[in-house]
Amino acid sequence: MFHKTISELAAGLRKKAYSSEELTHCFLERIERFDGQLNSLITLTAEQALDQARAADRRLSTGAAETLTGIPYLHKDIFCTQGVRTSCGSRMLDNFIAPYDATVSEKLKAAGAVMLGKTNMDEFAMGSSNETSFYGPVKNPWDPERVPGGSSGGSAAAVAARLAPLATGTDTGGSIRQPAALCGVTGIKPTYGRVSRYGMIAFASSLDQAGVFAASAADAAPLLQAMSGFDPRDSTSLERPLENYSAGLEQDLAGLTIGLPKEYFGEGLDAGVAAAVAAAVEEYRRLGAEIRDISLPNAALAVPAYYVVAPAECSSNLSRMDGVRFGYRCDDPRDLEDLYVRSRGEGFGPEVKRRILVGTYALSAGYYDAYYLKAQQVRRLIRDDFVRAFAEVDVILSPTAPAPAFRLGEKAGDPVSMYLSDIYTIAVNLAGLPALSLPAGFVDGLPVGLQLIGNYFAESRLLNVAHRYQQVSDWHRRLPAGFDA
Ligand code: GLN
């Protein structure tokens, strides 16, 4: 059952070929069998999952079911889940049982989806390799000596190994697309504001956006649909009607214009990745798309601007973790200051501390104008580049990451080289645009991801453009050796 598509699974449930309880058992068994090798889960919620599955079976038999009713999924451990530990990959929240559901968690419950557990991630979503997690690194199922990418590495690895057919993620600078690329799955980050951030633990609020991991764009569509929509509890939520993502999948690509930004194909791009992307471009030409060269002249400023804006916002967001209200508290504090200092000192890992220090510095009196304000101005230039590009083309195509999965430990001691693995993904978050990564081949047995960037609100078009490619390719159907039975 684990290699079926979501529409096949939904049809099987309706025909009673199997129950949601059986389906849930199938994936729980895979988790039990394989997750020791991957470490993709922080918390398994098997009993709750079986309860949800039985409730879904009852609902399916009344005919009042939705597409996701009875379908298992894994939830990134950044989303608050009532009554279930929500750690955000940090010692700081290791003991935190969320007292309420994030809007996304609530919506997936209402749709009748079955949560199998919470996935491993970089601490507070800061990282590109999953090595900053308090719970230890996640292994890439294509090669256990390599990283799955990050920060949503647990979700990406779990879907790649089909420990679940679907998983949620969040993307602040690439954390859905880069791990999707490195693990050979499909991942979509919608337009900023499309999915509510309420109850999603904040890293950099002006960049954070939730999205989806799945084997294919067609599988991703119903999950994105169920998560999306206006939420009065999130002041940046978009009040705009939702498109039907599944209904738009089959649209013809004739007449579609695809732009290739020259800045995303230059120095630093692995030759094997470049070749796989070039082959995908040819496939799109055969599908009727017109290919144009374009330029995003401020592309090189994205990583530096992001590493001012994101740390600045994180330093503010993470100030709520103070050892007083919830989360980790040090033993025997001498006084209030000692309580703050040691709780934060012991609760946060080194990458999180680095970001808080950089962010606090960038926001401090006298430096705000020089750093934060300047970065926000650069951000505007980056957005304007995209606005100009989308006056000429419908979709922008690029590699998702400059190289396939790197080795565990390879970049862990070199933050700048780690930060550069998001060189093609970060500008999208600064501009608030939707983007998707889909599998486009292999280099030495490691998956290559292709990035498609859309104009604001073009999620449906992106899923359609990815789906059309997936109808004529089978990269997304391949499973890593050892996980295929
Ligand atoms: N890798 C980037 C960072 O470390 C992006 C992380 C993310 O998208 N959450 O900040």
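The values are calculated or read from the model by the stated rules, or taken from the named source; none is laboratory data. Computed from a predicted structure; not experimentally measured. Backbone-built Cβ (ideal geometry, glycine too); neighbour counts: all protein chains shown.
For the range 388-434, the tally of residues that are among the small types (G, A, S), more than 15 Å from A280 (Cβ to Cβ) and either within 14 Å of the ligand (Cβ to nearest atom) or buried (at least 20 other Cβ atoms within 10 Å of the Cβ) (or both) stands at 7.
Inspect the range 133-152 for any residue being within 12 Å of the ligand (Cβ to nearest atom), under 13 Å from L74 (Cβ atoms), in contact with a helix residue (DSSP H, G or I) (Cβ under 7 Å, 6 or more places away or on another chain) and hydroxyl-bearing (S, T, Y) and give the result as yes or no.
Scanning the range 133-152, I find at least one residue that is within 12 Å of the ligand (Cβ to nearest atom), under 13 Å from L74 (Cβ atoms), in contact with a helix residue (DSSP H, G or I) (Cβ under 7 Å, 6 or more places away or on another chain) and hydroxyl-bearing (S, T, Y), so the answer is yes.
Against the definition (out of contact with any Phe, Trp or Tyr (no Cβ under 8 Å at 6 or more places or on another chain) and surrounded by fewer than 18 Cβ atoms within 10 Å (Cβ to Cβ)), how does R344 come out, yes or no? No: the conditions fail for R344.
Determine whether the range 91-103 contains at least one residue that is under 22 Å from A180 (Cα atoms) and surrounded by 21 or more Cβ atoms within 10 Å (Cβ to Cβ). Checked against the condition, which is being under 22 Å from A180 (Cα atoms) and surrounded by 21 or more Cβ atoms within 10 Å (Cβ to Cβ), the range 91-103 yields no hits at all. Selection of the range 165-177 for residues being within 12 Å of the ligand (Cβ to nearest atom), at negative phi and either under 8 Å from the mean Cα position of the chain (by Cα) or without any contact (Cβ under 8 Å) to a residue 12 or more places away in the chain (or both) yields G169, T170, D171, S175, I176, R177.
Scan the range 87-137 for residues that are of a type in the set (V, I, T) and part of a loop (DSSP other than H, G, I, E, B) and the total you get is 1. Counting the residues of the range 317-340 that are of a type in the set (F, W, Y) and either crowded, with 17+ Cβ neighbours inside 10 Å or more than 12 Å from L93 (Cα to Cα) (or both) gives 2. The range 327-431 holds helices (runs of 4 or more DSSP H) entirely within its bounds, and those carrying 2 or more residues that are free of Cβ contacts under 8 Å to residues at least 24 places away in the same chain map to 336-347, 350-363, 374-392, 415-419. In this structure, does G117 turn out to be surrounded by 22 or more Cβ atoms within 10 Å (Cβ to Cβ), within 16 Å of the ligand (Cβ to nearest atom) and of a type outside the set (S, T, N, Q)? So G117 does not fit the description; no. The C-beta contact set for the range 277-299 (first residue over 24 Å from D385 (Cα atoms), second residue hydrophobic (A, V, I, L, M, F, W, C) and loosely packed, with under 14 Cβ neighbours inside 10 Å, distance under 6 angstrom, 6+ apart or interchain) comprises G288/A254. Checked across the range 234-246, the condition of being over 27 Å from E8 (Cβ atoms) and of a type in the set (A, V, I, L, M) holds for at least one residue. The residues of the range 1-19 that are surrounded by 15 or more Cβ atoms within 10 Å (Cβ to Cβ) and out of contact with any Lys or Arg (no Cβ under 9 Å at 6 or more places or on another chain), listed by number, are M1, K4, T5, I6, L9, A10, L13, Y18. Only residues that are out of contact with any Ser or Thr (no Cβ under 6 Å at 6 or more places or on another chain), crowded, with 24+ Cβ neighbours inside 10 Å and over 18 Å from H476 (Cβ atoms) were counted in the range 138-193, giving 7.
Looking only at the range 62-86, how many residues end up being on the phi < 0 side of the Ramachandran plot and either assigned to a loop (DSSP other than H, G, I, E, B) or of a type in the set (V, I, T) (or both)? So that I can check it myself, show each step before the final result.
We begin by selecting, within the range 62-86, every residue on the phi < 0 side of the Ramachandran plot; these are 62, 64-69, 71-82, 84-86.
Next cut, either assigned to a loop (DSSP other than H, G, I, E, B) or of a type in the set (V, I, T) (or both) only: 62, 64-69, 71, 77-78, 80-82, 84, 86.
Looking only at that region, the number is 15.
Could you please let me know if A362 is more than 13 Å from the ligand (Cβ to nearest atom), more than 19 Å from S151 (Cβ to Cβ) and surrounded by 15 or more Cβ atoms within 10 Å (Cβ to Cβ)? Yes. Here D484 does not fit the description of being charged (D, E, K, R) and buried (at least 20 other Cβ atoms within 10 Å of the Cβ). Taken together, the residues in the range 194-205 that are hydrophobic (A, V, I, L, M, F, W, C), buried (at least 24 other Cβ atoms within 10 Å of the Cβ) and either more than 9 Å from the ligand (Cβ to nearest atom) or at pLDDT below 95 (or both) amount to 3.
If only residues of the range 283-307 that are under 18 Å from I258 (Cα atoms) and part of a loop (DSSP other than H, G, I, E, B) are counted, the one that is farthest from the chain's Cα centre (by Cα) is G288.
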